[in-house]
1. Residue by residue through region 216-240, note down the ones that are among the charged types (D, E, K, R), without any contact (Cβ under 8 Å) to a residue 12 or more places away in the chain and part of a loop (DSSP other than H, G, I, E, B).
2. Cβ-Cβ under 6 Å, sequence separation 6+ or interchain: first residue in region 117-130 and assigned by TED's automatic domain parsing to the domain that holds S23, partner among the small types (G, A, S) and crowded, with 18+ Cβ neighbours inside 10 Å. Which pairs?
3. Take S43 and tell me if it is surrounded by fewer than 16 Cβ atoms within 10 Å (Cβ to Cβ), small (G, A, S) and modelled with pLDDT under 95.
4. So, of the residues in region 99-113 that are of a type in the set (A, V, I, L, M) and in contact with a Leu (Cβ under 9 Å, 6 or more places away or on another chain), which turns out to be farthest from S168 (Cα to Cα)?
5. Is at least one residue of region 40-49 of a type in the set (K, R), assigned to a loop (DSSP other than H, G, I, E, B) and either in the same structural domain as E123 (by TED's automatic domain parsing) or farther than 25 Å from L139 by Cα (or both)?
6. Please determine whether any residue of region 144-162 is modelled with pLDDT of 80 or more, in the same structural domain as K83 (by TED's automatic domain parsing) and part of a helix (DSSP H, G or I).
7. Quick one: which of D195, D186, D219 is of a type outside the set (S, T, Y), at pLDDT 85 or above and more than 22 Å from the chain's Cα centre (by Cα)?
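The values are calculated or read from the model by the stated rules, or taken from the named source; none is laboratory data. Predicted model, so just to flag it, every value in this text is computed and none were measured. Neighbour counts are summed over all protein chains in view; Cβ atoms, including those assigned to glycine, are modelled from backbone coordinates with ideal geometry.
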Amino acid sequence: MNVPLQKKTEAGVLYTRIPVIESRLTELSSLSDRDLVKLCKQSRAHPQYVPSECLLYFVRRCVTTPSLFEQLFTVLSERILRKLPRPESQGGNTISMTNSDIREGVYDRFIEMLLIDKAGYEERLDMFEVRFDLALSRLKTDAQRKSYRAENRNTDLGFDDDSADLNSEVEIASEGYDPFKATDIDNYLYRCRLDAAIEALPGLQKRIIEMTRLDIPIDSIDPNEVTISKALNKAEKTIRNQKKKALASLRILLQGDL
């Protein structure tokens, strides 16, 4: 039997998946982990394409099997990022900061919800199991509004800063976590997984982690020292917040459970 959703409507009625999704979950639950992953990687054109509602169902419920979580979460992340605006122009010559903010904002919000879900249960993810694209579209709309408000505010004030407090789950997941510690980095397979996980991060977070890997400091009292903040032209707090979000993402991808 498929695990029921827990979120309720304002009238107190439990959310339910559409029948075709429930039926597909029953079919997919009989597959081996290997066959499930193989099928989830197929494109929408495949006759047995796995809907994102089903993919999320298994991502939320495979926390006891880190390897399966990693593989399914990677597929889900790729699907999410494909549906979000790309920061680069078609020719790759220019970057839209608005698109970049929206892309990173939506991805960050989804990661935060997944972290909450792994710590207990995040009811907001239930909507994604009902209608994934609609729920993602709402996240994108919220990120667009936030980006436009921030853009107007920063234009008026003359600076670019990210002063919002981080979600407590992100703070917990990132605290003390070092994906480059020597005991792990010497393992070839771990390095391959780490490189793939970094590649999947949103643009700004990816650049921050890559510079962290090179031991470049976020900030420095030495005006002549190269820092991440100066190199990326971002406020120190923005860099620190984005780094924590990146570490939280890497941790759930590489470790599966917290």
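1. Correct list: D222, E225.
2. From region 117-130, the pairs are M127/A135; F128/A135.
3. Taking the combined requirement at face value, the residue satisfies it.
4. Looking at residues that are of a type in the set (A, V, I, L, M) and in contact with a Leu (Cβ under 9 Å, 6 or more places away or on another chain), I get I102.
5. yes
6. Yes - at least one qualifying residue is present in region 144-162.
7. Residue meeting the stated conditions: D219.
For every residue, the table says whether it meets (1) surrounded by 19 or more Cβ atoms within 10 Å (Cβ to Cβ); (2) assigned to a loop (DSSP other than H, G, I, E, B).
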{"site": "E78", "(1), (2)": "no, no"}
{"site": "R86", "(1), (2)": "no, yes"}
{"site": "T98", "(1), (2)": "no, no"}
{"site": "E104", "(1), (2)": "yes, no"}
{"site": "I111", "(1), (2)": "yes, no"}
{"site": "L114", "(1), (2)": "yes, no"}
